[in-house]
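Novice: Take a look at the following structure, please.
The values are calculated or read from the model by the stated rules, or taken from the named source; none is laboratory data. All of these numbers come straight from a predicted model, not from anything done at the bench. With ideal geometry, Cβ positions are generated from the backbone for all residues, glycine too; neighbour counts draw on all protein chains shown. What goes into the accessible areas is simple: the full protein's heavy atoms, side chains included, and nothing from ligands, DNA or RNA. Shrake-Rupley method; radii C 1.70, N 1.55, O 1.52, S 1.80 Å.
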Amino acid sequence: MDIATFDEAPADAAAALLRACADVDAWVETLVAERPFGSVEALLGRADVLAGDWTPDQVDAALADHPRIGERHAGAGTSAALSGREQSGVDTSTETAARLAAGNAAYEERFGRVFLVRAAGRGTGEILALLEQRLTHDPDTELAVTAQQLREIAVLRLKGLLT
Ligand code: 2AL
């Protein structure tokens, strides 16, 4: 979709595009209401700033739409397709899959939610190293890191969907 189409689209169509980037109601609704943006840069800038204000509940809402690293999204639709593309650098050979599964389980045990990392542009080795390093964080630090990763994913997705 180009920015003129996004700016003029019915609210539900604009919202659907945004929701595939981050399933956070207030973020979607505010951006829909603030149209027109006139340029992709203006939209991305505003999307980034607003995503910087997500509360822990909003982070949880966005997280719910992301499969574990190394797992394919069960659903269909834009978000599932984007997730698959983002994780295309993740090696799913048996040995790596086992290490990822163990790391994901340790993370979920420690923090009570799914390990989330911006996977686009990253390979398995880097992701596993990040996972291990983040396991050493205290819960507040780790929540902030997770929120920042979701924010990066949201803006990258939006950039990718707008031509
Ligand atoms: C994901 C995902 O689906 N895309 C991405 O960049 N990261 N999932 C995750 N658990 O980090």
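Novice: Within the group G45, G70, which residue is open to solvent by 30 Å² or more (accessible area, probe 1.4 Å) and on the phi > 0 side of the Ramachandran plot?
Specialist: Values: G45 fails: on the phi > 0 side of the Ramachandran plot.
Among G45, G70, only G70 is open to solvent by 30 Å² or more (accessible area, probe 1.4 Å) and on the phi > 0 side of the Ramachandran plot.
Novice: Hey, another quick one. Which residues, counting only those in region 35-78, are modelled with pLDDT of 95 or more and polar (S, T, N, Q)?
Specialist: Those that are modelled with pLDDT of 95 or more and polar (S, T, N, Q): S39, T55, Q58.
Novice: So is A64 under 30 Å from A16 (Cα atoms), within 13 Å of the ligand (Cβ to nearest atom) and open to solvent by 50 Å² or more (accessible area, probe 1.4 Å) or not? Spell out the reasoning first.
Specialist: Working: under 30 Å from A16 (Cα atoms): yes; within 13 Å of the ligand (Cβ to nearest atom): yes; open to solvent by 50 Å² or more (accessible area, probe 1.4 Å): yes.
So A64 passes the test.
Novice: Then there's this: Just name the residue that is surrounded by the most Cβ atoms within 10 Å (Cβ to Cβ) out of those in region 5-35 that are part of a helix (DSSP H, G or I) and charged (D, E, K, R). Don't jump to the end; show me each part of the working.
Specialist: Of the residues in region 5-35, the ones part of a helix (DSSP H, G or I) are 5-8, 11-19, 25-33.
Right, trim to charged (D, E, K, R) and you get 7-8, 12, 19, 25, 29.
Details: D7: 15, E8: 11, D12: 9, R19: 19, D25: 11, E29: 13.
Filtering first and then ranking leaves R19.
Novice: Limited to region 114-129, what total is found for residues that are open to solvent by 30 Å² or more (accessible area, probe 1.4 Å) and either within 10 Å of the ligand (Cβ to nearest atom) or among the hydroxyl-bearing types (S, T, Y) (or both)?
Specialist: The total comes to 5.
Novice: Among (1) surrounded by 13 or more Cβ atoms within 10 Å (Cβ to Cβ); (2) in contact (Cβ under 8 Å) with a residue 60 or more places away in the chain, where does G103 come up short?
Specialist: The single condition G103 does not satisfy is (2).
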